[in-house]
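What follows is one structure encoded as structure tokens, with my remarks underneath.
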Protein chains: 2
Amino acid sequence: MSMDRLITKILETGNPTVAGLDPKLSYVPGFIREESVKKYGKTLEAAADALLTFNKALIDELCDIVPAVKPQCAYYEMYGWQGVKALYETMAYAREKGMYVITDGKRNDIGTTMEAYAIGHLGETDVFGETQYGFLGDCLTVNGYLGTDGIAPLLKVCEACDKGIFVLVKTSNPSSGELQDRMIGGQKVYEVMGGMCETWGAEQIGKYGYSSVGAVVGATYPEQLRELREKMPHTFFLVPGYGAQGGGAKDVSYAFDQNGLGAIVNSSRGIMCAYQKEGCDERDFAKAARREAIRMKEDITSVIPKIAWNK
Amino acid sequence: MSMDRLITKILETGNPTVAGLDPKLSYVPGFIREESVKKYGKTLEAAADALLTFNKALIDELCDIVPAVKPQCAYYEMYGWQGVKALYETMAYAREKGMYVITDGKRNDIGTTMEAYAIGHLGETDVFGETQYGFLGDCLTVNGYLGTDGIAPLLKVCEACDKGIFVLVKTSNPSSGELQDRMIGGQKVYEVMGGMCETWGAEQIGKYGYSSVGAVVGATYPEQLRELREKMPHTFFLVPGYGAQGGGAKDVSYAFDQNGLGAIVNSSRGIMCAYQKEGCDERDFAKAARREAIRMKEDITSVIPKIAWNK
């Protein structure tokens with residue numbers, strides 16, 4: 001079970017957090033950007049080269065203390081197929097360093113089209129009878145607006161290839177309530193979506209009690225986090241919104257169960273841009289990311305039960 | 001206004017349909033696949049080369065009679081960054097041939113991340129002070145589950161760069177009702193989403209009365225199409241589900257307004273795989289696609305008012 005692999009990594013590192021790799025060029029230190037421009041000119045190739053150099057240095061400093069990375073597809077697609085190549089290479093490097101890879105793509109479609117996404121991001125692509133890999137995610141974020149037809153093809157690939165998904169349930173943004181908080185009968189839309197996650201995951205529950213169907217629930221709505229943790233006992237949470245978006249350790253603590261499992265908390269800019277916030281030498285950016293990752297780990301583990309950790 | 005550009009192309013060709021380019025390798029004629037394998041071996045490069053060769057031949061045969069193409073990102077991502085490069089090259093070729101490009105990515109996220117998608121797919125990417133283009137869509141399909149925060153960054157780029165979006169409202173798949181048909185107060189979820197489309201588009205209405213915010217509404221739900229056409233007078237519809245999924249000309253006719261505008265109907269497999277259905281020589285695949293595109297055009301235009309066409 002893919003979620004078992006993630007939880008095992010969390011227990012090994014004692015760290016229920018994930019480093020988001022959302023590299024805009026303006027986050028990348030100037031000396032890296034200059035080297036890439038020297039090599040490739042002011043091109044998309046140069047941009048992609050700079051992102052990859054930045055990501056690899058971050059992965060080197062984080063791989064022994066952070067269990068997972070979460071590259072956000074948007075920031076690679078912004079730089080064209082060259083950026084998407086850097087996404088692939090980032091995943092390959094993180095995997096080589098033993099990290100679990102959560103592809104943040106929020107993909108969604110139906111039938112054979114969703115199957116193509118599932119195969120490309122989590123499965124094995126048949127190319128003229130040979131097995132190839134489009135991308136290298138262990139887990140993919142997805143949007144469930146289209147219903148079971150959009151999720152079933154993923155479940156097949158998750159089972160066959162030991163992978164997982166995180167379905168958007170309650171997102172961290174201010175306007176998430178426009179649809180997600182509306183009432184359907186006695187339930188809010190996000191509760192309906194949460195219930196569907198429990199159903200979709202019911203056949204694939206791992207040894208820690210969590211299924212391969214996780215949910216995205218934002219740190220910026222702690223009350224909802226608490227409710228959903230109770231109502232979704234088999235659904236592992238990916239929690240965005242810590243740090244830059246305003247969620248604190250106390251807020252995210254509601255995402256965890258009484259053993260201190262059940263969730264992984266993301267920080268992207270907080271870790272990637274720690275060197276800018278610290279105001280240290282930009283050449284020290286990776287060490288600054290490491291310092292912030294350790295601070296975040298201590299911040300969050302200080303407020304959750306650590307029963308599972310001590311086993 | 002981007003939707004004006006699309007409607008103008010529809011009127012020029014007298015054809016309110018779009019050719020979906022969703023090329024699985026198994027759709028590509030054997031002689032093309034063999035040539036690609038000869039060049040690149042059984043690799044993702046070979047797969048991407050085969051897709052591109054297939055797409056270019058289809059575009060050559062369709063560009064004077066079909067106004068638009070709709071490449072589906074999933075089928076390119078399945079073949080890794082090499083496939084995504086073929087996606088870019090397909091878009092560039094379609095644009096060169098004067099076709100309008102609808103990128104079917106169903107992208108969704110919030111804030112700066114959605115901005116990155118908007119820039120990458122519809123806008124201009126700033127690379128070390130130079131303007132570059134990640135991808136070359138005129139329009140992008142998106143998922144509105146996250147609310148206004150996920151749409152606002154797109155609206156800015158649509159206005160600045162003369163582009164458009166299609167928001168998923170009522171999808172064509174059997175299980176679309178699991179969430180989309182549930183009642184919120186007196187309205188169904190898809191009606192709420194439809195209402196949001198009208199609001200999001202209100203500031204960007206073009207000369208034909210349609211805004212740069214369109215909606216995806218499936219041909220497989222003709223009753224809902226009829227309702228939504230009435231309730232969403234400024235929202236242009238992208239209609240999947242014709243042909244392979246079971247929607248007929250009569251079904252899709254409800255998507256059009258009394259002038260015969262207001263919608264574009266997609267066919268993917270029907271056009272791409274016409275040579276398989278016809279059972280003709282596979283080397284005739286592009287001509288077979290053209291024959292099917294003409295048949296589809298006649299099928300649909302025979303049941304809608306053509307008032308706008310005759311002006």
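Nothing in this text is a laboratory measurement; each read-out follows from the coordinates by a stated rule. The model shown is predicted, which means the values in this text are computed figures rather than measured ones. All Cβ positions, glycine included, derive from the backbone under ideal geometry; neighbour counts span all protein chains shown.
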Amide H within-cut-off set for B:VAL18, under 5 Å, with H built and near neighbours excluded: B:VAL265, B:ASN266, B:SER267
Teacher prompt: A:ASN259 distances to equivalent labels in other copies, 7 Å Cα→Cβ, nm: 6.4
Percent RCO, i.e. relative contact order, over region A:2-301, from Cα pairs under 8 Å lying at least 6 residues apart: 19
DSSP beta bridges in region B:86-203 [antiparallel fraction, %, rounded to 5]: 40
Residue list for region B:171-185, given a label point 7 angstrom along the Cα-to-Cβ vector of A:THR112 and an amide N cut-off under 20 Å: B:171-176
Nearest-first distances (nm) between copies at B:GLU34, label 7 Å from Cα via Cβ: 5.6
Rg over Rh [alpha-carbon atoms, Kirkwood Rh] for region B:47-120: 1.01
Residue-wise HN-Hα coupling along region B:120-129, computed from phi with Karplus coefficients 6.51, -1.76, 1.60 (Hz; x: Gly, Pro): x, 9, 10, x, 10, 8, 7, 10, 6, x
Inter-chain Cβ neighbour average for residues B:176-188, partner chain, 10 Å: 4
Computed FRET value (nearest 0.05) for B:LYS39 with B:GLU230, which takes r as the C-beta separation and R₀ as 51 Å: 0.45
Spatial extent of region A:152-311: Rg and Dmax, with the Cα atoms as the point set, Å: 17.0, 56
For chain B, radius of gyration divided by Kirkwood radius, i.e. Rg to Rh on alpha-carbons: 0.96
Alpha-carbon Debye profile of the protein assembly as shown, log10 I(q)/I(0) at 0.05, 0.10, 0.12 Å⁻¹: -0.21, -0.85, -1.23
For A:128-135, mean number of other protein chain Cβ atoms within 10 Å: 6
Cβ-defined net charge surrounding B:MET114, 9 Å radius [Lys, Arg +1; Asp, Glu -1]: -2
Paramagnetic reach from B:LYS277 (point 7 Å along Cα→Cβ, amide N under 18 Å) across region B:237-258: B:239-253
Max mean-square fluctuation residue, GNM over chain A, Cα-Cα springs under 10 Å, options A:THR43, A:THR220, A:THR171: A:THR43
As computed over region B:164-237, the Cα convex hull volume per residue (Å³): 80
Cα convex hull of region B:245-285, projected area averaged across orientations, nm²: 3.7
Cβ charges +1 (Lys, Arg) and -1 (Asp, Glu), total dipole of region A:2-301, debye: 560
Amide H contacts under 5 Å for B:ASP162, placed H, 5+ residues apart: none
In sequence order, calculated HN-Hα J values of region B:285-291 (Karplus, 6.51, -1.76, 1.60; Hz; x Gly/Pro): 4, 6, 5, 5, 4, 4, 4
Of A:LYS9/B:LYS156; A:LYS24/B:LYS38; A:LYS97/B:LYS85; A:LYS106/B:LYS207, pairs whose Cα-Cα distance is over 32 Å: A:LYS9/B:LYS156; A:LYS24/B:LYS38; A:LYS106/B:LYS207
Size-normalised alpha-carbon gyration radius of region A:195-262, reference 2.2 N^0.38 Å: 1.08
Mean Cα-pair separation over length for region B:104-203, i.e. relative contact order, pairs under 8 Å, 6 or more apart, %: 25
Packing rank of A:111-120, B:127-136, where each peptide gets the mean count of other beta carbons within 10 Å, highest leading: A:111-120, B:127-136
Shortest-first distances to equivalent copies, position B:GLU12, nm, label 7 Å out along Cβ: 5.7
Cα-based shape type of region A:1-132, given that a ≥ b ≥ c are square roots of the gyration tensor eigenvalues and the cut on a/c is 1.5: oblate
Additional length obtainable on full extension of the chain from A:ARG295 to A:GLN187, 0.36 nm per residue less Cα span: 35.1 nm
